[in-house]
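Report on the following structure.
The values are calculated or read from the model by the stated rules, or taken from the named source; none is laboratory data. Everything numeric here is computed off the predicted structure, so don't read it as measured data. All Cβ positions, glycine included, derive from the backbone under ideal geometry; neighbour counts span all protein chains shown.
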Amino acid sequence: MTAKIAISLPEKTLAMAKAVVKRGRAASVSGYIATLIEEKEREESFEEMLNRWDREDGRTPEEVARGLAKTRKDFERAGLIPTKKAKRKAR
């Protein structure tokens, strides 16, 4: 069963949806929007995925914290993130 509703979209967004239909990737703008909503609902967030992996992995919160601390130190040593000890220079 479907229901008819009215929505407002920015012109650019509507043009993008119409282009998808024109290229044959969706039957209609309504169908395209419905598909996007359904996909978004099924999508697992990155945080949810990490939490699920942690539960399935069986590590304790303390083990996770130690791993995160080690990773941070490794990233700092590699220069990928600023060190916690770095102080801003006075101007």
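Data overview
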| item | result |
| --- | --- |
| Of residues in the stretch 12-64 being at pLDDT 90 or above, part of a loop (DSSP other than H, G, I, E, B) and within 24 Å of the chain's Cα centre (by Cα), the one farthest from M1 (Cα to Cα) | R25 |
| Output for the stretch 65-86, where each listed residue is β-branched (V, I, T) and at pLDDT 85 or above | T71, I81 |
| Top-ranked residue in the stretch 62-84 [being within 16 Å of L50 (Cβ to Cβ) and of a type in the set (A, V, I, L, M); ranked as surrounded by the most Cβ atoms within 10 Å (Cβ to Cβ)] | V64 |
